[in-house]
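Read through the structure below, which is laid out as structure tokens, and then see the notes.
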Amino acid sequence: MSKKEYIVIGLGQFGTSIAKTLMQNDCEVLALDINEEKTRALADTVTCAVTGDVKDPELVTGLGIRNFDGAVIAIGENMEASIVATMIVNELGVPHILAKAQSELHAKILRKVGADRVVLPENEVGIRYGNNLVHGNFFDAVELSPDISVMEINMRREWEGKSLKQLNMRARYKITVIGIKSEDGFEVNPDADEPLLPNSQLVAIGRNEVLNRLAEGR
């Protein structure tokens, strides 16, 4: 099975982080930035690093990305370059385009010119940590929809020593436990018959109001 191929355009903190993560997940990554220092810094980490202006259609077309699995437009301050890059990779037929936006207006434009998903990293981080502050225990949460999330829940004293089968979380709380975090690491799809240990966290999926209540110890 061939490796998935992605192009990451813009090698600021956001783009660099995505490029490294894709490489760690056994993908091929072509990285592009107008700043030679940035491409040189990442040259030994990604499959190929190219220095060039993304607003040059011939340059981008010449990279041979038509059959790539996806593109990440991670350009920071230059809104024009971000929009042009999104248009070009969309016209080349790249099937999945993730683009970084500076504002809601920028995000709206990116969607109109071909981005499949647009992120405003500062907004998303702010929302996440704002929620963490509200709940006080700094749990990690991943929102899947406006109503459903994956969330870490600290172990309750009454759960310790009991198994997931005994607790019957799905019937009792309407949540599904998909993992357990402990000092030994992270266990995916845990054994339902194993007793739960103190000082561990359940990673569960469910409705936000239920997860929030459990995370707060209610």
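The values are calculated or read from the model by the stated rules, or taken from the named source; none is laboratory data. None of the values given here were measured: they were computed from a predicted structure. In this analysis, Cβ positions are derived from the backbone assuming ideal geometry, glycine residues included, and neighbour counts consider all displayed protein chains.
Take the residues in region 56-80 that are outside any strand (DSSP E or B) and under 18 Å from the mean Cα position of the chain (by Cα); name whichever of them is modelled with the lowest pLDDT.
Only one residue fits best here, namely Gly76.
Would a scan of region 72-90 turn up a residue that is in contact with a Phe, Trp or Tyr (Cβ under 6 Å, 6 or more places away or on another chain) and either without any contact (Cβ under 8 Å) to a residue 60 or more places away in the chain or surrounded by fewer than 17 Cβ atoms within 10 Å (Cβ to Cβ) (or both)?
Among the residues of region 72-90, not one is in contact with a Phe, Trp or Tyr (Cβ under 6 Å, 6 or more places away or on another chain) and either without any contact (Cβ under 8 Å) to a residue 60 or more places away in the chain or surrounded by fewer than 17 Cβ atoms within 10 Å (Cβ to Cβ) (or both), which makes the answer no.
How about region 88-98: which of its residues are of a type in the set (A, V, I, L, M, F, W, C) and under 14 Å from Val54 (Cα atoms)?
Ile88, Val89, Leu92
Are there helices (runs of 4 or more DSSP H) fully within region 101-177 with at least 3 residues that are over 16 Å from the mean Cα position of the chain (by Cα) and either over 18 Å from Glu216 (Cβ atoms) or modelled with pLDDT of 90 or more (or both)? List them. First the steps, then the outcome.
On the way: elements: 104-112, 121-135, 164-167, 169-173.
Of the helices (runs of 4 or more DSSP H) lying wholly inside region 101-177, those with at least 3 residues that are over 16 Å from the mean Cα position of the chain (by Cα) and either over 18 Å from Glu216 (Cβ atoms) or modelled with pLDDT of 90 or more (or both) span 104-112, 164-167.
Restricting to region 181-197, and then to whatever is among the hydrophobic types (A, V, I, L, M, F, W, C) and under 20 Å from the mean Cα position of the chain (by Cα), can you tell me which residue is surrounded by the most Cβ atoms within 10 Å (Cβ to Cβ)?
Taking the candidates together, the pick is Phe186.
Taking region 1-42, which residues are of a type in the set (S, T, N, Q), part of a helix (DSSP H, G or I) and under 19 Å from Asp69 (Cα atoms)?
Residues of region 1-42 that are of a type in the set (S, T, N, Q), as a first pass: 2, 13, 16-17, 21, 24-25, 35, 39.
If we keep only those that are part of a helix (DSSP H, G or I) too, we end up with 13, 16-17, 21, 24, 39.
If the condition is that a residue be of a type in the set (S, T, N, Q), part of a helix (DSSP H, G or I) and under 19 Å from Asp69 (Cα atoms), then Thr16, Ser17, Thr21, Gln24 are the ones that fit.
Please specify each residue of region 75-125 satisfying the condition of being of a type in the set (Ser, Thr, Tyr) and more than 16 Å from Tyr6 (Cα to Cα).
Ser82, Ser103
Out of the residues in region 11-40 that are over 17 Å from the mean Cα position of the chain (by Cα) and not acidic (Asp, Glu), which is farthest from Ile75 (Cα to Cα)?
For region 11-40, the residue satisfying everything is Arg40.
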